[in-house]
1. Which translational diffusion coefficient, to the nearest whole µm²/s, is obtained for segment 292-363 from the Stokes-Einstein equation, given a Kirkwood hydrodynamic radius over C-alpha pairs, 4 °C and 1.567 mPa s?
2. Let me test this: with uniform point scatterers at the alpha carbons of segment 198-249, what is the Debye-based log₁₀ I(q)/I(0) at q = 0.15, 0.24, 0.26 1/Å?
3. Exceeding 27 Å between C-alpha atoms, which entries from my cross-link table qualify? They are Lys156/Lys288; Lys265/Lys339; Lys192/Lys334; Lys262/Lys341; Lys129/Lys265.
4. Between Met211, Phe65, Val24, whose Cα lies farthest towards the positive end of the dipole of the chain when Lys and Arg beta carbons carry +1 and Asp and Glu beta carbons carry -1, centred on the Cα centre?
5. Counting helices only, and only those DSSP H runs with n ≥ 4, report the 222 nm mean residue ellipticity of the chain as the sum of -39,500 (n - 2.57) divided by its residues, in deg cm²/dmol to the nearest 500.
6. Could you give me the ³J(HN,Hα) list for segment 273-280, computed from phi with Karplus coefficients 6.51, -1.76, 1.60 and θ = phi - 60°, whole Hz, x at Gly and Pro?
7. Remind me, relative contact order of segment 170-218 in percent, using alpha carbon pairs under 8 angstrom and six or more residues apart?
8. Could you work out, for segment 98-191, what percent of all Cα-Cα pairs fall into each 10 Å distance bin, beginning at 0 Å and stopping at the bin that holds the largest distance?
Amino acid sequence: MATVCSVASLHQEANPSRLKVGSVKTLAESSNLTSIPSHYAFTTSASGDQAVHSDHDDSIPVIDFSLLSSSNPDQRRKVVSDLAKACQDWGFFMVINHGVPERQRKAMGDMLTGFFDLTEEEKREFEGKHVLDGIRWGTSFNASVDKVFFWRDYLKVRVHPKFYCPSKPEGFSEVLAEYAGAVRKLARGLLKGISESLGLEPGYIDEAMNMDSSLQILTANLYPPCPQPELAMGMPPHSDHGLLTILMQNGIGGLQVHHGGKWVKIDPIPNAFLVNTGDHLEIMSNGKYKSVLHRAVVNNKDTRISIVLSNGPSPDTVVTPAEQLVDGESNRAKYIGMKYKDFLELQQSSVLDGKSVLERVKI
Ligand code: OGA
Ligand code: NI
């Protein structure tokens, strides 16, 4: 994939002008911006591999979460088999009747809009210095090494097992704590169904991954309107490292999923969450449920905000393929066991290149 290669090669040299680079929001709001500065232009653009809408007979799966707690065994069986199919065929699905109140989702959206609307100076207060800082506001992906910049500002906050939150805007911490708790509950509920769909006890993943201490990280992404969207990239192709990623957005599309050899545009149903399986679900399922490449493109009209919660194992859990899914001869373990936090460190020290970190734990 040309785009992946060009991204990887861009990460090798420190960017000497990094201190002068401000947020893309400020840049986009500067008057008369009709073209993008050259350090945002990719030589291999997203237009090189045009995205398509999904086919009617192979559209992104929809999971009705409420059926997982149904007292009707047929309904339960049906949703578990829907989950199996969704994880196996797509690695991406929408979740409806998810139990997270619309009020909480809206409050989160408002808080993040408020956060990105703070002045550049106020936001700088939250500019993390180290990858392990609980709160990190920034731009692009890794602005100290990116040679070409992504059209994206972000806020990353670790919310569980230890809770961090920026002190602004006022009330953010209550809203974030409540929302993250509700999404964690959703993630654990889905993992029960996914466990069952793998032929394991419903509580298997929850227990084996020590989900009481699940590492949960918020990433809020801001993609301002871009005068030359075909030349810029919001977020390059990557897979997510956790077990399940749960995403909502402000009604503006931009996410694309690599499915069936093509980039497919994803426009979620209003009020639904978009969920995708991560590298650690791939590892624990011994490759049965693969993490999937996705990327974000930008547009020239609307600001897009996506609010993403990554739900992973506890940081100290050594994740290995489930014993029940491995047998000596025909189905050997395909991944080495590694602590989740060691995997994250490996990822932080590597160039961003599709699923390359996962490749390194493959046997
Ligand atoms: C992510 C991600 C996609 C988007 O934050 O990991 O894939 O649409 N975001 O913002
Ligand atoms: Ni992602």
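Nothing in this text is a laboratory measurement; each read-out follows from the coordinates by a stated rule. Quick caveat, the model's predicted, so the values are computed rather than measured. Positions of Cβ are backbone-derived with ideal geometry, glycine not excepted, and every protein chain shown enters the neighbour counts.
1. On the way: Rh = 15.2 Å.
It comes out at roughly 85 µm²/s.
2. -0.66, -1.10, -1.18
3. On the way: Lys156/Lys288 30 Å; Lys265/Lys339 34 Å; Lys192/Lys334 23 Å; Lys262/Lys341 32 Å; Lys129/Lys265 34 Å.
Check vs 27 Å cut-off fails for Lys156/Lys288; Lys265/Lys339; Lys262/Lys341; Lys129/Lys265.
4. In the chain, that residue is Val24.
5. Working: 10 runs with 102 residues, N = 363.
Dividing the helical sum by the residues of the chain leaves -8500 deg cm²/dmol.
6. 9, 9, 10, 9, 7, x, 4, 6
7. Values: 20 pairs, mean separation 12.1, N = 49.
Relative contact order here is 25 percent.
8. 15, 42, 33, 11, 0
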